[in-house]
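Every number in this text was worked out from the coordinates using simple rules, so none of it is lab data. Values in this document were obtained by computation on a predicted structure and should not be read as measured data. Methodologically, a virtual Cβ is constructed for each residue, glycine included, from the backbone with ideal geometry; neighbour enumeration extends over all protein chains shown.
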Amino acid sequence: MCGANRYETSGFCGMSAHITAANAFLHQWEEPCISVKNGAGTVFFSGCGMKCVFCQNNIISTENFGKIISARRLADIFLELQEKGADNIDLVTPTHFVPGIINALDRIKHRLSIPVIYNSGGYELCETIDMLGGYIDIYLPDIKYFSPEISGRYSSAPDYFEYALKAAVRMTEQVGELKFDENGKLLKGTVIRHLVLPSCRHDSMKILDCISENIAPEKYIMSIMSQYTPFDFISDEFPELKRNLTKMEYNSVVRHAENLGINAYTQAKSSADKKYTPDFDLSGI
């Protein structure tokens, strides 16, 4: 919707129409139902349609680091990850490359015996989710903000929640109820992530209220994250983001989820550490 012809120029996402990725590897640090044994077979795509000012992956989301690959090469990467024992194929920030990803999956989906995950920032059109029907087994969207003021300030997207909630509802309608195997690995369903931000706990609670009101509990599980990390690159324009989340802020959001009867993963405070940021060295690409 940025209006760019990405065959001729870059879009707001910073990317052309050509698939660009920065890394592909077995990722051990996703939710327990996703990184179960050997890790998620994660492909990190370059560029992003949000440009969050605090993004831990800013080298690929904002600085657009990555390598152009063909749909055929992407298909081979999926198979290589499966051969390495990946628990699933985890597509990270894939929105702006959906046509190419569908092309790649069309080539090899019949050879995949593991689920395919759509791991996005949540700022999606329902039409995009409809395109993915039959290709995606698990949706892993963020719902980052409720307030238009906050989403406008941190991600230049004052209409964020309007789209994110509709998209999450459409995702859960498409893939249906949560389905696990005997080892607790998620085979089908939706995991909704929410990163609690400094000074935004009341915004977080409003998000939980809306999710609880609009999505049946058997169709999703929440992942309430405490891993916010105040990286050095965060601008002085955002002094409130230059500190870690407090224990009180995070625990108050978790308690609110419990009061609503929401089933959720939680994180230890130690997860807010730069060591958990992946290295983007083009390995696996």
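Looking at the chain alone, DSSP beta bridges between its own residues are antiparallel in about 30 percent of cases. Positive end of the dipole of the chain (Cβ unit charges, origin at the Cα centre): among 85, 268, 167, the Cα lying farthest that way belongs to 85. Proximity of backbone amide H atoms, modeled 1.01 Å from N, is registered between residue 220 and 178 at under 5 Å, excluding neighbours fewer than 5 places apart on the same chain.
Multiplying the residue separation of residue 163 and residue 279 by 0.36 nm and subtracting their alpha-carbon distance yields 38.7 nm. Extending 7 Å from Cα along the Cβ direction at residue 28 and again at residue 237 yields two label points whose distance is 3.8 nm.
The alpha carbon convex hull volume per residue for the range 186-244 rounds to 102 Å³.
The length gained on full extension between residue 111 and residue 199, counted as 0.36 nm times the residue separation minus their Cα-Cα distance, comes to 27.0 nm. Over the chain, what is the relative contact order in percent, taking alpha-carbon pairs closer than 8 angstrom and at least six residues apart? Taking the mean separation of contacting Cα pairs over the length of the chain, I get 18 percent. Using the Cβ-Cβ distance between residue 251 and residue 179 with R0 = 25 Å, the FRET efficiency computed as 1/(1 + (r/R0)^6) comes to roughly 0.25.
Converting phi to 3J(HN,Hα) with the Karplus coefficients 6.51, -1.76 and 1.60 and the offset θ = phi - 60°, the range 60-77 yields 9, 7, 10, 7, 6, 5, x, 10, 6, 10, 8, 4, 5, 5, 4, 4, 5, 4 Hz in sequence order, with x at every glycine or proline. P(r) tail for the range 1-94, what percent of Cα pairs lie past 19 Å? In whole percent, the share of Cα-Cα pairs in the range 1-94 beyond 19 Å is 45. Its Cα gyration tensor gives the chain an equivalent ellipsoid; the semi-axes, largest first and in whole Å, are 27, 23, 19.
Can you classify the range 176-285 as rounded, prolate or oblate using the Cα gyration tensor, where a ≥ b ≥ c are the square roots of its eigenvalues, rounded means a/c under 1.5, and otherwise it's prolate if a/b beats b/c and oblate if not? The shape class here is oblate. Report summary: the helix-based calculation at 222 nm, which adds -39500 (n - 2.57) for every DSSP H run with n ≥ 4 and divides by the residues of the chain, gives -9000 deg cm²/dmol. Applying D = kT/(6 pi eta Rh) to the range 82-183, where Rh is the Kirkwood radius over alpha-carbon pairs, T corresponds to 4 °C and eta to 1.567 mPa s, the Stokes-Einstein value obtained is 88 µm²/s. Ordering of 228-240, 110-122, 39-51 by packing is 39-51, 110-122, 228-240, highest average first (other Cβ atoms within 10 Å, averaged per residue).
Take the Kirkwood radius over Cα pairs of the range 1-52, plug it into Stokes-Einstein at 37 °C and 0.692 mPa s, and you get 255 µm²/s for translational diffusion. Under the classification rounded if a/c is under 1.5, otherwise prolate if a/b is larger than b/c and oblate if not, where does the range 158-208 fall, given a ≥ b ≥ c as square roots of the Cα gyration tensor eigenvalues? Judged from the Cα gyration tensor, the range 158-208 comes out oblate (a/c at least 1.5, b/c at or above a/b).
Averaging the sequence gap over all C-alpha pairs within less than 8 Å and six or more residues apart, then dividing by the number of residues, gives the range 78-200 a relative contact order of 23 percent.
Computed from label points 7 Å out along Cα-Cβ, the spacing between residue 67 and residue 269 is 4.1 nm.
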